[in-house]
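Heads up, the thing below is written out as structure tokens.
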Amino acid sequence: MLKKGLLLFLFSLCFLITSHGQVLEEYSNDWEENLVKNWFSSSDQLSQWIDIRQFPEAYLVMQIPGETMVFAGERLWFYAEQDTLLSRKVKDYQLEFGVDSLQIRLLGDQLVKAQALLEKRLNPTFTVEQEKETAGPSLVERDFERQSVRDFFIIALLICLFLLAGYRQAYPYVFFSVLSPKGLVTAEDFSEGSSLQKFFSFDVLLFVLIVNILAALSGVFGLIFFRQDLIYAWSDGTALDLLLIWMVGAMFIFGLTVLKFVGIRITAFVFDLGRMEFSHFFYLLRLIVWVNLVFLLVIFFYLMNTFSQVETFLMTFYEVFFWMYLVGIAFLFLSMMNKLSFKKYHLFTYLCIAELVPFLILVKWIMDFGQY
């Protein structure tokens, strides 16, 4: 009776080990990520060494994303046109390659660790649904085409640089007055009689349009990485489609900017601020310009070198911009407080009505829009 009980216990233990402990060695988190570049494009590479001496009767299970070249050492092993699941005994690899350790390299576009499962298992049967929690996102989910995003950004960057260079040649006074970096620290007022006192002149409106084109670029990247469903609902996601969405967005933001200035002017008239609305509006416009120029430089680096980190950078950028804008409003309050004689409470109320409350409402709407 004791022997039967012991045998039953051992059988149950083996069953539990077999059913719940099928994974002998997990390699999915050990991939080494690299970027392979050429003159016209770049590809992601995942690589690592696998010990094929231990557990020779176990199965080496590989989950390969589609359109990926698989190398065994320096040899091209096979090309996976579609999402591929490969399951073979470990000893078969040792017999085929004649080595004790094998370097596996994956080369393709948009490769991430979570999509490249690699492990030794007791059970050769395996489905994506069974390991959804450990294997990461489903292989049928695809990120935006990287080359389309890169092509869009390069064309957009060239357009922005061309517009800025052309404007600098045509209207150098306005260009240097608005873009002067020291204005972010001094918040200097714009002199009476200057062209900047005429908001609805062609030179000022053109510059405001260029600024909104820069701002729309960061907004389009938000759609690309956080609301791809909207991009695909409106277009096929090609570089040309992204350029069209960018231009439409720039014109929409331009219209909102003009309405914002009209609102600031009306609020300044009600509070009897004289011509102070120009200092208010162009100071924050200058802040937006410099933040977006920094954005262009940093996003260029991430797109061309570490594409997988672009989403993290965008989240950080939006948070930094939010706090910088609030700091800009606070600094504007201190600057205007030294130039105006009426009570601080009235100035604070003016900035809340004209700037702070609309900005926070816009941020709340964007957050709800991104989580929809």
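The values are calculated or read from the model by the stated rules, or taken from the named source; none is laboratory data. All figures in this text were calculated on a predicted structure; none of them were measured in a lab. All Cβ positions, glycine included, derive from the backbone under ideal geometry; neighbour counts span all protein chains shown.
Working only within the stretch 300-310, note down all residues that are in contact (Cβ under 8 Å) with a residue 60 or more places away in the chain and surrounded by 15 or more Cβ atoms within 10 Å (Cβ to Cβ). Result: Leu303, Phe307, Ser308, Val310. Would you mind stating whether Phe281 is part of a helix (DSSP H, G or I), assigned by TED's automatic domain parsing to the domain that holds Phe200 and under 24 Å from the mean Cα position of the chain (by Cα)? Here the answer is no, as Phe281 does not meet what is asked.
The rows are residues; the columns are (1) at pLDDT below 85; (2) within 29 Å of the chain's Cα centre (by Cα).
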site: Thr306; (1), (2): yes, yes
site: Gln309; (1), (2): yes, yes
site: Val320; (1), (2): no, yes
site: Tyr325; (1), (2): no, yes
site: Lys343; (1), (2): yes, no
site: Phe348; (1), (2): yes, no
site: Ile361; (1), (2): no, yes
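What are the pairs, 6+ residues apart or on separate chains, where a residue within the stretch 263-276 that is aromatic (Phe, Trp, Tyr) has its Cβ under 6 Å from a residue that is at pLDDT 75 or above and in a helix (DSSP H, G or I)? Listed by first residue and then by second, the contacts come to Phe271/Tyr350.
For the criterion of being surrounded by fewer than 18 Cβ atoms within 10 Å (Cβ to Cβ), on the phi > 0 side of the Ramachandran plot and more than 16 Å from the chain's Cα centre (by Cα), Asp272 passes. The C-beta contact set for the stretch 345-358 (first residue under 11 Å from Phe333 (Cα atoms), second residue part of a helix (DSSP H, G or I) and among the charged types (D, E, K, R), distance under 7 angstrom, 6+ apart or interchain) is empty.
A search for C-beta distances below 8 Å between a residue of the stretch 314-343 that is under 15 Å from Glu355 (Cβ atoms) and any residue that is acidic (Asp, Glu), counting only pairs 6+ apart in sequence or on different chains, returns Ile329/Glu355; Leu332/Glu355. Looking across Gly263, Gly249, one residue alone is surrounded by fewer than 20 Cβ atoms within 10 Å (Cβ to Cβ) and within 14 Å of Phe359 (Cα to Cα). It is Gly263.
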